[in-house]
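Structure, as structure tokens:
Each reported figure results from applying straightforward, stated rules to the coordinates on display, with no laboratory input. All values derive from a computational prediction rather than experimental measurement. Because the Cβ atoms are built from the backbone with ideal geometry, glycine has one as well, and the counts that use them run over all protein chains shown.
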Amino acid sequence: MTEVKVLVVDPVGLHARPATVAVHAASKCKCKVTISFNGRSMDMKSIMGVMSLGIPTQSEIVITCDGEDEEAAIKSIVETLASQKVIDAPEAAPAEEA
């Protein structure tokens with residue numbers, strides 16, 4: 001299992017368009033992808049699940065990947081979300097072992 005903590009910087013938080021970007025990035029992965037916020041976790045491949053978390057801007061979230069392509073998956077998701085300015089790119093290595 002690999003996870004990374006990131007900061008949501010999109011002005012509207014993780015809602016509508018930014019949530020769609022996140023779900024699309026996660027859906028390309030073979031492994032299980034989970035997003036956690038405020039003590040709740042949801043399948044990051046589910047648009048309704050991601051949006052139901054109600055993640056506002058400047059919130060810290062945890063993205064967890066578990067499965068065969070977990071390291072490549074988390075790297076790809078973080079790069080995609082950072083390039084779309086949904087999250088602030090982590091300063092350290094993009095993924096850390098959990």
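Below are the figures for this structure:
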quantity: Single residue of segment 44-64 satisfying the filter (assigned to a strand (DSSP E or B) and free of Cβ contacts under 8 Å to residues at least 60 places away in the same chain) that is farthest from residue 14 (Cα to Cα); calculated: 62
quantity: Of all residues in segment 22-43 being within 19 Å of residue 90 (Cα to Cα) and free of Cβ contacts under 8 Å to residues at least 40 places away in the same chain, the one that is surrounded by the fewest Cβ atoms within 10 Å (Cβ to Cβ); calculated: 36
quantity: Enumeration of residues in segment 1-21 that are under 13 Å from residue 50 (Cβ atoms) and assigned to a strand (DSSP E or B); calculated: 8
quantity: Identity of the residue in segment 3-23, under 10 Å from residue 81 (Cβ atoms) and of a type outside the set (A, V, I, L, M, F, W, C), that ends up nearest to the chain's Cα centre (by Cα); calculated: 18
quantity: Residue list for segment 1-11, restricted to those being of a type in the set (A, V, I, L, M, F, W, C) and surrounded by 14 or more Cβ atoms within 10 Å (Cβ to Cβ); calculated: 4, 6, 8, 9
quantity: Where a residue in segment 65-87 is part of a loop (DSSP other than H, G, I, E, B) and its partner, wherever it lies, is surrounded by 19 or more Cβ atoms within 10 Å (Cβ to Cβ) and of a type in the set (Asp, Glu), with Cβ under 9 Å and at least six apart; calculated: 84/10; 85/10; 86/10
